[in-house]
Amino acid sequence: MSDHGADAAARKLPLRYSDDIQGDILAGFRKDHETVLMLRFPDDPEPVRKWLRRLIPQISTTRQVAAFNAEYSTARHTLAGTDPAGLSATWMNVSLTYPGLKFLMGTEPLPDQEPDGVQAFVQGAFARAEINGDQGDSAPEEWLFGRADQPVHAVLTIASDDQAKLEVRASELRVAAARAGLTVTFEQVGATLPGERRGHEHFGFKDGISQPGVRDFDRPDPRDPIHVDGKPGTRILPAGEFVLGHPKLTGDAPQLPEWTRNGSFQVVRRLAQDVPAWWAQAGAARRQLDKEGVELPPGTGTEWLAARAVGRWRSGASVAHNPNAEPPTKPGAPDDNLISYVEDGEGHTTPHFAHIRKTNPRDGIGGDFAPADVRRIIRRGIPYGQPFDPAAGQGHGPDADRGLVFIAYMSDLAFQFEFLQQAWINNRDFLQAETGTDPVIGVDSDVTLKLDTLPSGRKLHFAQFVRTEGTVYAFAPSLSTLRELAG
Ligand code: HEM
């Protein structure tokens with residue numbers, strides 16, 4: 001691009017060119033391999049500042065990641081949808097927990113701790129476990145990281161197209177941390193699933209489809225400027241919903257100190273998935289409908305019910321547009337994301353309990369997108385563990401560790417992530433009485449399945465087969481704030 005062209009592009013979408021906002025927030029790393037290192041600082045801040053000074057030049061910026069992703073997409077398009085072999089990158093970003101920030105600042109980072117989002121960050125995920133429904137098997141005392149007795153000060157997220165390159169970078173970072181007296185308290189690896197399952201989570205469903213678009217980062221569709229170009233249904237929201245110091249949908253955001261500008265709050269959660277148990281439960285619930293004589297369209301098996309639990313079929317096609325059967329996939333077609341729930345107010349097609357309706361009710365609250373838009377989060381999760389496939393040998397059986405490394409960015413932990421967990425996912429009376437909790441990630445409950453042919457609904461029990469094994473709340477500061485913290 002000529003200088004003139006680059007200037008014009010930067011004026012139109014300035015956030016694409018940000019050297020201050022860290023990578024993975026607005027421009028996703030989107031890699032096949034990822035490692036998350038949880039670090040504890042030593043008692044003396046000086047070596048930590050020095051460590052940070054050396055780390056900063058290695059941090060990926062939004063500009064770098066966005067430019068790489070654009071080049072990758074163009075190359076992929078030219079290669080008719082296959083991955084361009086020569087293009088690879090290794091990225092890294094850093095976030096700090098409240099104790100980590102306080103340690104580096106040497107003073108109270110957030111003098112006004114009144115706002116809920118600030119309180120959530122200050123208290124940390126361990127103290128907020130009840131709000132998030134982390135009880136029983138998910139109780140924080142059992143967590144692998146984020147427990148009260150095991151402080152985390154910083155989180156490094158390293159991602160690469162190439163596993164060997166990722167390992168080299170991660171070991172360099174481990175050595176540098178150890179030299180400065182930092183301890184790795186937990187290390188979580190993640191990787192996209194192999195073969196046809198790439199881009200799918202362990203239950204088998206395509207993930208990473210519906211993300212918010214971001215104003216001044218994503219290009220609007222010239223014919224439909226509320227949506228991202230080439231991504232029908234991806235609504236463009238103001239950047240302040242995800243990055244601090246930018247305009248928000250509502251003007252009443254709490255005023256946070258200047259150092260938070262261009263930073264973003266982060267949730268890192270390890271969510272273990274019991275794949276065989278979840279599918280066995282879906283099968284049992286499906287058989288129960290037969291036993292009770294509920295009439296269903298011909299050919300609707302367990303997949304049909306599981307798709308209703310998610311709100312999408314395994315391929316990612318929405319139940320909203322394909323109520324009774326998974327449609328054939330159309331190569332090159334945009335994701336099926338232009339979804340409205342206005343005509344499905346009773347949840348006869350996409351149930352009120354469906355995971356994607358619970359976590360983004362879209363226009364299904366009073367016919368207006370606004371109540372859902374203000375709760376949106378940017379998801380950057382990646383699976384961990386091998387796919388469930390007992391015939392494939394060790395690591396693939398029912399007892400092996402597998403699940404989702406859930407990573408999300410937002411501007412307010414309480415208003416966005418915690419609200420989703422408490423008021424929608426785990427709320428039995430979401431939208432209507434006795435809807436039930438989210439059958440994919442919610443706590444145990446009866447859900448009410450309603451259909452046009454069954455308007456009064458039928459109760460089905462869904463126990464929880466996604467267990468929380470660790471959570472950390474952190475803040476990914478701007479590069480300029482990190483430089484100040486490094487002294
Ligand atoms: C193991 C745990 C989880 C699994 C297996 C899972 C699976 C999925 C799948 C298959 C989709 C549909 C694909 C897509 O639209 O990207 C989805 C969407 C989504 N999930 Fe999850 N998810 C998990 C945890 C969570 C958590 C903890 C949250 C938030 C608290 C969350 C929030 C969302 C949101 C906001 C969407 C997009 C909804 C939409 O806009 O239509 N998920 N998830």
Checklist entry - Among the residues of the range 311-367 satisfying the criterion of being among the hydroxyl-bearing types (Ser, Thr, Tyr) and open to solvent by 20 Å² or more (accessible area, probe 1.4 Å), which is nearest to the chain's Cα centre (by Cα)? => result Thr359
Next on the checklist: With the requirement that a residue be near the ligand (Cβ under 9 Å from one of its atoms) and either open to solvent by 30 Å² or more (accessible area, probe 1.4 Å) or over 13 Å from the mean Cα position of the chain (by Cα) (or both), what does the range 368-402 give you?
Outcome noted: Ala372, Arg375, Arg376, Arg379, Gly381
Checklist entry - Which ones in the range 403-422 are touching a Leu at 6+ places or on another chain (Cβ under 7 Å) and either surrounded by fewer than 19 Cβ atoms within 10 Å (Cβ to Cβ) or over 23 Å from His200 (Cβ atoms) (or both)? => result Ser411
Item to check | Residues (in a loop (DSSP other than H, G, I, E, B), open to solvent by 20 Å² or more (accessible area, probe 1.4 Å) and of a type in the set (Asp, Glu)) located in the range 134-163 | outcome: Asp149, Asp161, Asp162
Item to check | Lone unmet requirement of (1) in contact with a Pro (Cβ under 8 Å, 6 or more places away or on another chain); (2) surrounded by 21 or more Cβ atoms within 10 Å (Cβ to Cβ) for Ile425 | outcome: (1)
Item to check | Considering residues of the range 264-307 that are among the charged types (D, E, K, R) and touching a residue at least 40 places away in the same chain (Cβ under 8 Å) only, the residue nearest to Thr453 (Cα to Cα) | outcome: Glu295
Item to check | Condition met for Arg40 (in contact with a strand residue (DSSP E or B) (Cβ under 8 Å, 6 or more places away or on another chain), more than 20 Å from Ser411 (Cα to Cα) and in contact (Cβ under 8 Å) with a residue 60 or more places away in the chain) | outcome: yes
Checklist entry - Among the residues of the range 470-487, which ones are more than 16 Å from the chain's Cα centre (by Cα) and either modelled with pLDDT under 95 or part of a strand (DSSP E or B) (or both)? => result Gly487
Next on the checklist: Out of the strands (runs of 3 or more DSSP E) lying entirely within the range 217-277, which hold 1 or more residues that are closer than 30 Å to Asp399 by Cα and of a type in the set (D, E, K, R)?
Outcome noted: 264-273
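The values are calculated or read from the model by the stated rules, or taken from the named source; none is laboratory data. Just so you know, these numbers come straight off a predicted model, no measurement behind them. Using ideal geometry, Cβ is built from the backbone for each residue, glycine included, and neighbour counts are taken over all protein chains shown. Side chains are part of the model used for accessible areas, which takes the heavy atoms of the whole protein and leaves out ligands, DNA and RNA. Shrake-Rupley method; radii C 1.70, N 1.55, O 1.52, S 1.80 Å.
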